[in-house]
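A short write-up of the structure that comes next.
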Amino acid sequence: MCPAMYNSLNNIGCYLGKFMLYYVYGIKKKSAAKPLIGDVDMGKSPPTNDLKRSHTMSRVKNKNTSIEVSLRKALWHSGIRYRKNYNKLPGAPDIAITKYRIAVFCDGEFWHGKDWDAKKPKIQSNRDYWINKIERNISRDYETGRLLYGMGWIVVRFWGMEIRDNLSGCVEEISDLIFQAKIDAHNIDWGLDGKDNDLRMGGEPQ
């Protein structure tokens, strides 16, 4: 076969290949599939703020954060047993000491609005988004606490800085709550709570 005929057949084969890709499979050689983030088409020119926000939010851990892990390890070494991210309760407490009905939350200062009244005016970028998000978090925290209290649970919330700066103090606070819960349970078992106290202790009926 002469070189000219070979080149001609080769060109025909290329055109046929392109025809199959485009008309049969709907694929253009120079048009790769465009990746998506959420509902944003990366092949277009999406809003820059939305992409940055989506990327930032996707990198934020909401479970097993460093402050949670630090507190859990310290509690475990102190002999306190618990459930982590206990989704059988409202708000899925980071640490749930089920035996004594104590729910512990480890809150990041930014996401949960520490000193919110002072910091809210300082937000400059994407004010509407961040203010709405953080205030929803604050409202959700309040509602979670209300529900847990109604179920007879003790709710404890630590800021991240409290755990980082005073881990032993956080463990001690939880230990004190457990001790108090034991005393309360003992008093109930012996009828030392409420109106029966005087009779149980040998006092005269009122």
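Every number here is computed from the coordinates shown, using simple stated rules; none is lab data. Bear in mind that the values here come from a model prediction, so they are computed numbers and not experimental data. Glycine also receives a Cβ, built like all others from the backbone with ideal geometry; neighbour counts cover every protein chain displayed.
Odds and ends about this structure:
- Local charge for VAL171 was computed over the other residues whose Cβ lies under 12 Å away, with Lys and Arg +1 and Asp and Glu -1, and equals -2.
- Ranked list, fewest to most other Cβ atoms within 10 Å of each Cβ, for TYR86, TYR142: TYR142, TYR86
- Cross-link pairs exceeding 30 Å in C-alpha to C-alpha distance, out of LYS119/LYS182; LYS99/LYS119; LYS73/LYS182, comprise LYS119/LYS182; LYS99/LYS119.
- Taking a point 7 Å from the Cα of ARG81 along the Cα-to-Cβ direction, the residues of the range 91-121 with backbone N closer than 20 Å to it are 93-104.
- Sorting ASP176, ASP184 by the number of Cβ atoms found within 10 Å of their own Cβ, with the fewest placed first, yields ASP176, ASP184.
- Least to most buried among PHE110, PHE158, PHE105 (fewest other Cβ within 10 Å first): PHE110, PHE105, PHE158
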